[in-house]
Amino acid sequence: KENMAKSKYEYVKNFELDDKVLPNTWIVVRIDGRGFTRFTEEHKYTKPNDEAGIKLMNQCAFNVMKEFTDIMVAYGESDEYSFVLKRKATLFQRRASKISTNIVSFFSSNFVFLWHEFFPTNPLKYPPTFDARVVAYPSYDNVRDYLNWRQVDCHINNLYNTCFWALVQSGKTPIESEATLKGTLSDFKNEMLFKQFNINYNTLPPIWKKGRRKSGGYKDRA
């Protein structure tokens, strides 16, 4: 066994690909819940935003940042979190597969491990799944635009979901609610929320509309 590493079979290592991320670039790891529509339904999440679910995701991200100190900022919305590693990061020799698998597995294990703290009366029925991808961005502007992109996505999705669930909870079917919102713009959605449901979208918690950001100080920021 001691000589196995230098045996005739060692040639199989040549099939492994070198997946190091380009040097001097910012590394972004985005993890995303797989099948979370079903997961949130099975676990009775409050719609459109579940406070306990948001806090659980935030705590998982907080723990990831403590574990992997090359991460300089994290941004979360819905069932996803993005982690931005500093340009000079040397984590796992910048190997994309090692970075993504370690971050997503640590996040996932924290999600399961901490579940009972945030949902004490709601047992976990089955383990959640998260996927991960790694992208290298060459400039600060690229990273800024990436985070802006995710925040715009957060706003669009949250406005739609706020309208959709207001309609469903008022008695419409999901299909009817989708039909009502199909092709509508933000002005229509805001007016509908205010006139039909007495909801002023602008006064909703920023963490719902703009997402969650954590920086090196590990403080929540909208």
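When Pro138 is tested against (1) touching a residue at least 24 places away in the same chain (Cβ under 8 Å); (2) within 30 Å of Asp19 (Cβ to Cβ); (3) within 18 Å of the chain's Cα centre (by Cα), exactly one condition is not met: (3).
Here's the yes/no breakdown for (1) part of a helix (DSSP H, G or I); (2) surrounded by 13 or more Cβ atoms within 10 Å (Cβ to Cβ):
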position: Asn102; (1), (2): yes, yes
position: Phe107; (1), (2): yes, yes
position: Asn110; (1), (2): yes, yes
position: Trp115; (1), (2): yes, yes
position: Pro120; (1), (2): no, no
position: Leu124; (1), (2): no, yes
position: Pro127; (1), (2): no, no
position: Phe130; (1), (2): no, yes
position: Val134; (1), (2): no, yes
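Here the range 2-31 is the region considered, the condition is being among the charged types (D, E, K, R) and not in a loop (DSSP other than H, G, I, E, B), and the residue that is modelled with the lowest pLDDT is Lys6.
With the structure loaded, tell me whether Arg213 is surrounded by 12 or more Cβ atoms within 10 Å (Cβ to Cβ), in contact with a strand residue (DSSP E or B) (Cβ under 8 Å, 6 or more places away or on another chain) and not in a helix (DSSP H, G or I) or whether it fails that test. It is true that Arg213 is surrounded by 12 or more Cβ atoms within 10 Å (Cβ to Cβ), in contact with a strand residue (DSSP E or B) (Cβ under 8 Å, 6 or more places away or on another chain) and not in a helix (DSSP H, G or I). Considering the range 59-83, the residues that are part of a loop (DSSP other than H, G, I, E, B) and polar (S, T, N, Q) include one that is least open to solvent (accessible area, probe 1.4 Å), namely Ser78.
Of all residues in the range 32-58, none satisfies the criterion of being of a type in the set (Phe, Trp, Tyr) and either in a strand (DSSP E or B) or open to solvent by 50 Å² or more (accessible area, probe 1.4 Å) (or both). Any idea how many residues of the range 136-166 are assigned to a helix (DSSP H, G or I), of a type in the set (Phe, Trp, Tyr) and open to solvent by less than 50 Å² (accessible area, probe 1.4 Å)? Number of matching residues: 2.
Condition first: exposed (fewer than 10 other Cβ atoms within 10 Å of the Cβ) and either at pLDDT below 95 or more than 20 Å from His155 (Cα to Cα) (or both). Now tell me which residues in the range 167-182 satisfy that.
Within the range 167-182, Gly171, Ile175 qualify.
Please tell me if Asn200 is at pLDDT 95 or above and either open to solvent by 40 Å² or more (accessible area, probe 1.4 Å) or among the aromatic types (Phe, Trp, Tyr) (or both). Criteria met by Asn200. Look at Ile199 and say whether it is out of contact with any strand residue (DSSP E or B) (no Cβ under 7 Å at 6 or more places or on another chain) and in contact (Cβ under 8 Å) with a residue 24 or more places away in the chain. For Ile199, the condition - out of contact with any strand residue (DSSP E or B) (no Cβ under 7 Å at 6 or more places or on another chain) and in contact (Cβ under 8 Å) with a residue 24 or more places away in the chain - is met.
For the range 169-176, the condition holds for no residue, the condition being that it is under 20 Å from Tyr45 (Cβ atoms), among the hydrophobic types (A, V, I, L, M, F, W, C) and assigned to a helix (DSSP H, G or I).
Here is the figure for the range 39-73: residues that are farther than 29 Å from Ile199 by Cβ and in contact (Cβ under 8 Å) with a residue 60 or more places away in the chain total 5.
The values are calculated or read from the model by the stated rules, or taken from the named source; none is laboratory data. Every value quoted in this text rests on a predicted model; they were computed, and no experiment measured them. Neighbour counts are summed over all protein chains in view; Cβ atoms, including those assigned to glycine, are modelled from backbone coordinates with ideal geometry. Just the protein is used for accessible areas: all its heavy atoms, side chains included, with ligands, DNA and RNA removed. Shrake-Rupley method; radii C 1.70, N 1.55, O 1.52, S 1.80 Å.
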